[in-house]
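For reference, the structure discussed in these notes is given below.
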Amino acid sequence: MKPLNHLLSRSRHDLVNELRQLLPEAAMGAGRGVVPDGSHAGGRAAAVRHLEAIDPLAYGHTRNHVAGAVTRLSPWIRHGVLSLAEVRDAAIARVADPAQAAKLVSELGWRDYWRQVQLAVGDAIHDDLEAPAARWRRPRLDVVPDDVLEAQTGMACIDAFVRRLHDTGWLHNHERMWLASWLVHVRGVQWQAGADWFLEHLLDGDPASNHLSWQWVAGTFSAKPYLFNRENLETFTSGIHCRGCAVLGRCDVEGGYDDLTARLFVDANEPAARPPLRIRPAAPLPPSPAPTRPLVWLTLDSVSATSPAAAAFPDAPRLFVLDPAWLAAERPSLKRLVFLCECLADVSGVEMLLGDPHAVVPAHAAALGCDGVAIGETPCPRTRHAVATISATQHVATVAWPPFCDRSKVRDLGRFSRYWQQVSTSALRLTVS
Ligand SMILES: Cc1cc2nc3c(=O)[nH]c(=O)nc-3n(C[C@H](O)[C@H](O)[C@H](O)COP(=O)(O)OP(=O)(O)OC[C@H]3O[C@@H](n4cnc5c(N)ncnc54)[C@H](O)[C@@H]3O)c2cc1C
């Protein structure tokens with residue numbers, strides 16, 4: 001295990017240089033070494049500033065447009081600097097009637113839903129959850145082609161999305177959907193290759209939201225593949241990409257949806273006969289007695305002093321473990337690691353170590369004389385595996401997030417619509433403190 005505390009007291013400039021030395025692979029590959037000055041700085045203060053600026057009413061009317069009033073809160077939400085309940089409460093506080101915040105709350109609901117699905121199926125999110133809804137004409141590619149990675153496809157829109165992903169680590173939801181759809185359906189890229197590529201760049205990279213969204217686009221976790229045409233893209237971009245595009249009028253997504261579908265799929269008019277997908281929610285954790293002097297283990301889902309375990313035990317020592325297995329599996333970019341370190345630097349007294357949490361967490365808890373470990377609820381399979389291992393020798397208390405909705409009646413996670421029908425009313429209620 002290697003101490004990394006020195007990363008938490010640096011200016012951004014020094015932090016970037018230090019991380020380049022320590023983890024050179026994070027800066028290798030197109031765009032991965034770029035660290036933008038832009039709007040996403042790690043830490044609670046920046047998160048709260050962005051939260052105070054949200055406009056749920058404008059969001060409801062404009063969110064599908066790339067210039068719409070979206071919140072850009074995803075990097076902080078993904079790392080637990082803001083909870084879904086806190087964002088919901090802030091949204092409702094800004095409107096006269098909670099119904100005016102319903103669109104934003106339902107989008108928060110997607111994130112909650114993907115997390116519940118990951119909690120239920122674990123690592124199976126990396127495989128098709130259903131047989132593809134339609135059969136592609138093109139053979140599948142298991143890598144993202146070089147012309148895409150180099151933003152040289154000739155499609156002005158796609159090249160702009162790739163450049164933005166590489167340069168900033170953030171894309172609008174519609175841009176993610178278009179890019180994923182074009183890659184999977186037009187270029188024939190296996191959705192897993194695209195999903196892995198996104199994780200290597202996104203500041204909000206999160207296997208639950210990411211891999212399950214790619215499956216939704218691909219049609220391996222949805223009723224049909226997600227397609228778009230030029231008209232749709234022009235509408236929600238005000239035509240900024242198409243106007244000067246070299247392939248305007250003859251691009252890959254030209255034409256009506258019936259034509260596109262017939263061009264891309266062999267069985268366009270015979271939707272696959274698939275049994276309805278049913279996913280049973282994971283059983284809630286049994287209540288466990290709290291340790292009196294725990295080590296608070298901050299994970300990727302909870303990099304904040306306001307996250308549940310840190311808030312429940314404000315005086316306890318705090319630890320974040322940078323896991324080489326995570327670095328190898330998801331290949332987070334330099335900008336993501338900078339964001340992460342900035343979030344951690346905001347947590348007073350936190351220690352940061354490089355190593356395998358299975359060993360590091362119990363050893364550190366024992367060295368500090370703690371009588372257990374406290375952790376925020378997480379759907380992450382690797383973290384849950386570590387919790388199970390550590391529980392064999394130490395008491396581990398899992399602390400729940402403030403409730404975003406009442407899931408007690410949810411019996412099936414096979415589709416978001418079924419989930420949302422059960423929980424939407426409760427999601428529109430303020431947290432009771
Ligand atoms: C192919 C693809 C990959 C994606 N990968 C990720 C990912 O790795 N991490 C990630 O956080 N989101 C991912 N998303 C979901 C979504 O695109 C982003 O959460 C959203 O665009 C972030 O911008 P925002 O904060 O302005 O969102 P807003 O539209 O302002 O929404 C507010 C919050 O609601 C949540 N949210 C909104 N839409 C979604 C959605 N469709 N799915 C899940 N949560 C949502 C996010 O936490 C977001 O911050 C992906 C979507 C697609 C189509």
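The values are calculated or read from the model by the stated rules, or taken from the named source; none is laboratory data. What you see is a predicted model, and the numbers here were worked out from it, not measured in a lab. Quick reminder, even Gly has a Cβ in these numbers, built from the backbone with ideal geometry, and neighbours come from all protein chains shown. Just the protein is used for accessible areas: all its heavy atoms, side chains included, with ligands, DNA and RNA removed. Shrake-Rupley method; radii C 1.70, N 1.55, O 1.52, S 1.80 Å.
Please work out the average accessible area per residue across the stretch 146-264, using the 1.4 Å probe convention, and give it in Å². Write down the numbers at each step before the final one.
Values: 4120 Å² over 119 residues.
Dividing the accessible area of the stretch 146-264 by its residue count gives 35 Å².
Springs between alpha-carbon pairs under 10 angstrom, Gaussian network model over the chain: which of Gln21, Gln215, Gln192 fluctuates most? Largest GNM mean-square fluctuation: Gln21.
Beta bridges from DSSP with both residues in the chain: antiparallel share about 15 percent, rounded to the nearest 5.
Along its first, second and third principal axes, ordered by size, the chain spans 68, 50, 43 Å in Cα coordinates. Each 10 Å bin from zero up to the one holding the largest Cα-Cα distance in the stretch 1-50 carries the following percent of pairs: 21, 46, 30, 3. Using only alpha-carbon positions in the stretch 304-433, the gyration tensor eigenvalues give semi-axes of 29, 19, 17 Å once each is multiplied by 5 and square-rooted (largest first).
Using only the Cα atoms of the stretch 146-264, construct the convex hull and provide its projected area averaged over every direction, in square nanometres to one decimal. Please list the in-between numbers first.
Values: hull surface 27.9 nm².
So the mean shadow area of the Cα hull is 7.0 nm².
Report D for the stretch 77-162 in µm² per second (integer): Stokes-Einstein, Kirkwood Rh on Cα pairs, 37 °C, 0.692 mPa s.
Values: Rh = 17.1 Å.
Approximately 192 µm²/s, per Stokes-Einstein.
Each of the peptides 346-355, 422-431 was scored by the mean count of other Cβ atoms within 10 Å over its residues; in descending order, highest first, they stand as 346-355, 422-431.
Quick one: compute a quarter of the convex hull surface over the Cα atoms of the stretch 223-366 and quote it in nm². Intermediate results must be reported in sequence, preceding the final value.
On the way: hull surface 61.3 nm².
Hull-based average projected area comes out at 15.3 nm².
Helix-derived [θ] at 222 nm for the chain: sum -39500 (n - 2.57) over DSSP H runs of at least 4, divide by residue count, nearest 500? Please report the intermediate quantities before stating the final value.
Working: 19 runs with 183 residues, N = 433.
The helix contribution divided over the chain gives -12000 deg cm²/dmol.
Computed on the chain, with alpha-carbon pairs under 8 angstrom and 6+ residues apart, the relative contact order is 24 percent. The mean of 1/r over all distinct Cα pairs in the stretch 374-421, once inverted, gives the Kirkwood hydrodynamic radius of 13.0 Å.
Per-residue 3J(HN,Hα) values for the stretch 229-240, derived from phi via the Karplus relation 6.51 cos²θ - 1.76 cosθ + 1.60 with θ = phi - 60°, read 10, 4, 4, 4, 5, 4, 4, 8, 10, 6, x, 4 Hz in sequence order (x marks Gly and Pro). Within the stretch 278-349, the trypsin sites (Lys or Arg not before Pro) that combine a DSSP coil assignment with at most 13 other C-beta atoms in a 10 angstrom radius are Arg278. How large, in percent, is the carbon and sulfur part of the accessible surface of the stretch 295-399 at a probe radius of 1.4 Å? The computed percentage sits at 58.
Just in the stretch 177-259: which trypsin sites (Lys or Arg not before Pro) are loop by DSSP and have at most 15 other Cβ atoms within 10 Å? Can you show the working numbers first?
On the way: sites: Arg187, Arg230, Arg243, Arg250; in loops: Arg187, Arg243, Arg250.
In loop regions of the stretch 177-259 (DSSP not H, G, I, E or B), the sparsely surrounded trypsin sites (Lys or Arg not before Pro) are Arg243, Arg250.
Only aspartates and glutamates eight or more places from Lys2 in sequence, or on another chain, were considered; those with a Cα closer than 20 Å are Asp14, Glu18, Glu25, Asp323, Glu342, Glu351, Asp356.
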